[in-house]
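Below is one structure; the comments refer to it alone.
The values are calculated or read from the model by the stated rules, or taken from the named source; none is laboratory data. All of these numbers come straight from a predicted model, not from anything done at the bench. Glycine also receives a Cβ, built like all others from the backbone with ideal geometry; neighbour counts cover every protein chain displayed.
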Amino acid sequence: MSENADAQDLIPIGTQVQFAKTIGESDIYLFAGITGDLSPNHVNAEYMKTTPYGGIIAHGVLVVGLMSTCSTKVLDYASSRRPAVSYGYDRIRFIKPVRVGDTVTVTYEIVAADAQESKTMAAVTATNQHGEVVAVADHILKFL
């Protein structure tokens, strides 16, 4: 993507937002119920005690949901009233597990813009309370 976007139409490059949330056991179980993803990794504490993780872990897609919160928050910084939609996440990686009680902080930064395509690209990083990266992704916003 080129860096030639008109600041009046798109979110300026360098704009950054953050969102933090402590992940509770209820978050994981409710997410499992909503999605139907009842993998033992997320809902079977006894099984997970036998694994290197030692306990249940959050769904990676739950962390992506926190990333989505940031994509909504960054729209507050848009200098125009143009509506936008998520055009998708690329290169999502789950680096470390998110455990019950972890506080996940997502940092979302606009790193490129393309005025002709009406898109912005963001680098998204999720870290835990120890500063360890737990997930990363690239996100594209498409302005309508």
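Among the residues of the range 109-144 satisfying the criterion of being hydroxyl-bearing (Ser, Thr, Tyr) and within 17 Å of LYS73 (Cα to Cα), which is surrounded by the most Cβ atoms within 10 Å (Cβ to Cβ)? Walk me through it before giving the result.
So in the range 109-144, the residues hydroxyl-bearing (Ser, Thr, Tyr) come out as 118, 120, 125, 127.
From the residues that got through so far, the ones that are within 17 Å of LYS73 (Cα to Cα) too are 120, 125.
Numbers: THR120: 28, THR125: 17.
Applying the filter and picking the extreme gives THR120.
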_Selection from the range 14-36 of residues that are crowded, with 16+ Cβ neighbours inside 10 Å, among the aliphatic types (A, V, I, L, M) and farther than 15 Å from VAL61 by Cβ_ = VAL17
*Only one of (1) surrounded by 13 or more Cβ atoms within 10 Å (Cβ to Cβ); (2) under 22 Å from ASP27 (Cβ atoms) is not met by LYS49, so which one is it?*
(1)
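Every residue, every condition in (1) small (Gly, Ala, Ser); (2) closer than 18 Å to PRO12 by Cβ, yes or no:
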position	(1), (2)
GLY54	yes, no
LEU66	no, no
CYS70	no, yes
ARG82	no, yes
VAL85	no, no
GLY88	yes, no
ILE92	no, no
VAL106	no, no
*Select from the range 76-107 the residues that are buried (at least 18 other Cβ atoms within 10 Å of the Cβ) and modelled with pLDDT under 95 and write down the one among them that is farthest from the chain's Cα centre (by Cα).*
ALA78
*In the range 49-76, which residues are touching a strand residue (DSSP E or B) at 6+ places or on another chain (Cβ under 7 Å) and of a type outside the set (Gly, Ala, Ser)?*
ILE57, VAL63, VAL64, LEU66, MET67, THR69, CYS70, LYS73, VAL74, LEU75
